[in-house]
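Below is one structure, written out as structure tokens; the observations come after it.
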Amino acid sequence: MMGEKTFTMIKPDAVNNGYIGAILEKICSGGFRITAMKMTRLTAEKVGEFYAVHKGKPFYNELVQFMSSGHIVAAILEKENAVEDFRKLIGATNPANAEEGTIRKLYAESMGRNAVHGSDSDENARIEGDFFFSALEKY
Ligand code: IDP
Ligand code: MG
């Protein structure tokens, strides 16, 4: 079935601010099932690979620096219509524009330091999940 998985990261700002538990609670009470999860750190090189689509944009260097500055929590989430529903749960990229009750509204610091990542398509959810998890970890 299409659309049943997405990929997320809790970003270094939210990890450092002590929001891992609160964010996982929002994810689970939002109806998502965690099927793989790990806390890890990315080198700048790995972040560059993950965010290759943004290379050359004005915020790219800041993004690479920030995302490699501390620990992140990576996870694969399952739910019907996962990608779209998770983007709704996290809210707009800029927390100032995010709806009340969304994860970014509640826990993000700024446009760059915005607490969580969420895949933007089924194909990217698969690519991003594969970036972090082996076949054994995923199933
Ligand atoms: P998304 O995470 O909501 O999908 P994207 O446009 O894919 O947003 O951007 C990826 C990440 O790059 C954002 O989550 C944010 O951390 C960072 N970013 C995007 N635009 C800006 C900006 O204008 N200033 C600083 N950081 C940005
Ligand atoms: Mg994106």
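Surface composition of the chain: carbon plus sulfur atoms contribute 51% of the solvent-accessible area (1.4 Å probe, protein chains only, all chains present).
Accessible surface area normalised per residue over the chain is 53 Å², counting heavy atoms of protein chains with a 1.4 Å rolling probe.
Principal semi-axes of the equivalent ellipsoid, √(5λ) from the alpha carbon gyration tensor of segment 1-58, are 24, 18, 11 Å from largest down. Shape descriptor for the chain: Rg over Rh equals 0.93 (Cα atoms; Rh from the Kirkwood inverse mean 1/r). Under the criterion of Cα pairs below 8 Å and six or more residues apart, the relative contact order for the chain equals 38 percent. When Lys46, Lys11 are compared by accessible surface with a 1.4 Å probe, the order from highest to lowest is Lys46, Lys11. The residues packed around Ala82, meaning those with a beta-carbon under 9 Å from its beta-carbon, carry a net charge of -4 if Lys and Arg are +1 and Asp and Glu are -1. For the chain, the number of Lys pairs separated by eight or more positions or lying on different chains, with C-alpha atoms closer than 21 Å, is 26. Think of each Lys and Arg Cβ as +1 and each Asp and Glu Cβ as -1; about the Cα centre, that makes the dipole of segment 23-139 roughly 280 debye. The modelled label-to-label distance between Leu136 and Glu78, using points 7 Å beyond Cα along the C-beta direction, is 2.0 nm.
Rounded to 0.05, the FRET efficiency of the Ser29 and Ala52 pair, given R0 = 30 Å and the Cβ-Cβ distance, is 0.35.
Length gained on full extension, Asp122 to Glu4, computed as 0.36 nm times the residue gap minus the Cα-Cα distance: 41.7 nm.
The values are calculated or read from the model by the stated rules, or taken from the named source; none is laboratory data. Keep in mind the model is a prediction, meaning the values are calculated, not measured. Because the Cβ atoms are built from the backbone with ideal geometry, glycine has one as well, and the counts that use them run over all protein chains shown. The accessibility values were calculated without ligands, DNA or RNA, using every heavy atom of the protein model including side chains. Shrake-Rupley method; radii C 1.70, N 1.55, O 1.52, S 1.80 Å.
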